[in-house]
1. Would you check if Leu69 is in the same structural domain as Ser194 (by TED's automatic domain parsing), surrounded by fewer than 17 Cβ atoms within 10 Å (Cβ to Cβ) and closer than 29 Å to Phe54 by Cα?
2. So which residues in region 294-318 are farther than 24 Å from Ile250 by Cα and surrounded by fewer than 17 Cβ atoms within 10 Å (Cβ to Cβ), if there are any at all?
3. So is Leu98 assigned to a helix (DSSP H, G or I), among the aliphatic types (A, V, I, L, M) and under 31 Å from the mean Cα position of the chain (by Cα) or not?
4. Those residues that are surrounded by 17 or more Cβ atoms within 10 Å (Cβ to Cβ) and either over 22 Å from Lys95 (Cα atoms) or free of Cβ contacts under 8 Å to residues at least 60 places away in the same chain (or both), I need them from region 44-57; list them, please.
5. Go through (1) more than 18 Å from Leu410 (Cα to Cα); (2) at pLDDT below 85; (3) small (Gly, Ala, Ser); (4) outside any loop (DSSP other than H, G, I, E, B) for Gly537 and report which single condition fails.
6. For region 549-561, state whether one or more residues are aliphatic (A, V, I, L, M), in a helix (DSSP H, G or I), out of contact with any helix residue (DSSP H, G or I) (no Cβ under 8 Å at 6 or more places or on another chain) and modelled with pLDDT of 85 or more.
7. So for region 325-345 (the condition being under 18 Å from Leu434 (Cβ atoms) and in contact (Cβ under 8 Å) with a residue 24 or more places away in the chain), does at least one residue qualify?
8. Anything in region 4-36 that is over 30 Å from Pro111 (Cα atoms), of a type outside the set (A, V, I, L, M) and assigned to a helix (DSSP H, G or I)? List them, or say none.
Amino acid sequence: MTLLLGIILFLFFILVGIIFLSIIGIEKKYLTNANFLLITPILGALTMVCFGEFLIFIFSMKYTSWLFLIILSITGYINRKKVFIALEVFYKKMKGYLLLSLLAGIIVSIPSLKIFSLNSPRIINNDIAFYLSSMDWLLHNSFRNFKSLLSINPNVPYYSLATYMIRETRTGTEFLGSQIMGLLFLEPHQVYYSLGIAISCILPMTSAFFLRYVLGIKKKTVLFYMLICSSSLLIFELQRMQYTPQLFGISGMILFLGIMIDFVKNKQIKKEKFLLGFSLAGVLSIYAEFGTILFTYFFITCSVIFLGNKNKKESLKKIYELILGCLLSFPVSPLGMFKAVKFNLVVLTQVFQKVSNIDPFEGTMISPSLYIPNILGFLIRSKTIYNIKISAKDFNTWERVVLGLSICYLLIGICVVFFILFKRINKLNIIFILILLFFISYGYYFRKVNFAYGEYKFLLGIIPVAFMIITYFIQQFFDFLKNEKIKNVLEVIAVELIILFVILNLSNTLFLSRQKYFFYDKSLMELRKVGEKLPKGSIVDIPGTGNDVHAGVYALKNNKVRIKGFSYYTDFLNPEKLAITGRSYYTGTLEQMKNIPMKDSDYYLEIKDNDSDALDIIKENKKIYWENRKYRLVQKSSKIDNISLKIGKGFDIVEIEGKTGIPFRWITNKEAEISLKNHSNNNITIQLVIEIKGIKNIHKSIDIFMNNQLIGSGKSPNQVKTKYFILKPNKNYKILLKMKDPLTSVKNDTRNFGVQVRGIKINIK
């Protein structure tokens, strides 16, 4: 369902883009030009963004979306002849482009296919929480209700992330997403990933516009590039990490550069100045962080025009036209441009102060041995893809192949570029060389100042552009070859290298798709319905990981909640300890937070499928208010409800005993960890009772330690009781279960077994 909606949205954006071109008066010959029509999906998406930003001062996106559909229908009907002409071109001439674009969407959708209903998978970070919150607020509010962003109830923190996004940074993607929500009557999590799938399809097609229409590269070469682009790990990484705005912004950046270069080449589309301003407004509304890169593109282009033309008057006229085109971005999207300028000034100030202030990676740069593969899109920063070690000497054979191949690709690219520079010096080649040099120098800057996050995001942003430039130089190289035999051999080698690239990237994608994803799905909506029925004024505690907290707040967005775990929300119980590297997205003052009345909570939320939780083996009787397959809402009734228990290293996955249906977990290491935390404001004295059983009647002994002190011991099969010990308020405790006997191996099983943990009970003194 998620993939299907993504494909429908992509096709809808194409239709919107066609109608947009017909409205602004593009000549008929361009509407019959298949190469030019490659621009339509990105134009369609940007049209909705700018339309939403214009009307947000008057209407919420709930009403704006339907107003947009009405206007679209009327204008489409008025210009139906032009629309049908363009649609016919798509049907007859652009099937290859469409299929290769859809391939990108299919690949990035793989994690979402694990669940049939509309969903948004999440892994590693929780940026999705910002986007869901913003889409939700924009759907239901206009800027006439802007004051609501100034005073967020700390007990109802859901919209505090929307406050940060709407007031401080770019929200173009959220404007688009909220309009889709309004049209289809869907929740944010039902739209976000599908929108990302559609945007993934847009990138290969926008790249094809740049290569085929602007640069005039052969169709066969462009289709090969689209295959590389669609299968690239880059798009998958951006989507799975919830970087949809950046993915969208890359397409917008390519559009801006393409129109600007086309403008320089004097193709004389009457509306090209407007399209230049429109693309600039769109990309900065979507991803303002690209402001520096766009300015550099503009500066390089203007410099080459001025210095490379003997007729300075003509050069200055051309530069003036470019400046005028860019200035049109302000009336096209005044809100988006205002926020983009403001955002870039703030970031610039922070960078000059210290980049560590805005670096969540805390200066941990990409390993030099991984840098080249990262540049070429084989590996995206982290060790997660091949489980790569930091040291190159630890690489296995497969990893060395990837590194060697990466170096090979890079050397080929460098040789081709130098060959073309030696053979052909023109304005366009100089512009592209200067852009590549800018990429290198900017990348060096991130290294120099140890701005790890900046380096990572920069690489993600420039890889598609760098690939397109290299493709252009490769095409020129083949054009210079006169010997057909040599040309044919090199073309075969090039195709083989492309196929190898695609295979490696797809294998990585499949590997990453098998990882455990957290899903925003219909189970959250079931929780929301229950939350709406809770007694008025009830407070729900949401402990756990970032996944637990952000999903819980999303589901219980209309309920009073208390956050008791790592999140992007401020810990209102301890306001001096701000979330995430000292940052807080709460707009109130510290003093205001200190004065928030906090009564005892009435319920707490548990996530049942979290492997770090021991819900399956906890034997304490709880007063369960409600539960589904994924969540459990527990009504607080005693001191035990203030204690959280999690299991860590050494415990295997949960298994069910066939005859009895009893859940258990094996200890598969010499020691296993249990974490405890007292969330109340008072000391609690407890005892652990752990039920253990050996394997095949092999009895094993365990010792239980806390802070290196023995607090209990016993032998299977039995209940092992610890001494009573004190849990102090808001303090983490680690309990170690140490095997006294050797682990046992079993035929046809790779694991080594200690004892089964069949139950953990907490006794309160």
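The values are calculated or read from the model by the stated rules, or taken from the named source; none is laboratory data. Everything quoted here is computed from the prediction, not taken from an experiment. Cβ placement follows ideal geometry from the backbone for every residue including glycine, while neighbour counts extend to all protein chains displayed.
1. Answer is yes for this residue.
2. Phe306, Leu307, Gly308, Asn309, Lys310, Asn311, Lys312, Lys313, Glu314, Leu316, Lys317
3. Working: assigned to a helix (DSSP H, G or I): yes; among the aliphatic types (A, V, I, L, M): yes; under 31 Å from the mean Cα position of the chain (by Cα): yes.
Yes.
4. Result: Gly44, Leu46, Thr47, Met48, Val49, Cys50, Phe51, Gly52, Glu53, Phe54, Leu55, Ile56.
5. Condition not satisfied by Gly537: (4).
6. No - not one qualifying residue is present in region 549-561.
7. Within region 325-345 (the criterion being under 18 Å from Leu434 (Cβ atoms) and in contact (Cβ under 8 Å) with a residue 24 or more places away in the chain), the answer is no, since none of the residues qualifies.
8. We begin by selecting, within region 4-36, every residue over 30 Å from Pro111 (Cα atoms); these are 18-36.
If we keep only those that are of a type outside the set (A, V, I, L, M) too, we end up with 20, 22, 25, 27-30, 32-33, 35-36.
Within region 4-36, Phe20, Ser22, Lys28, Lys29, Tyr30, Asn35, Phe36 qualify.
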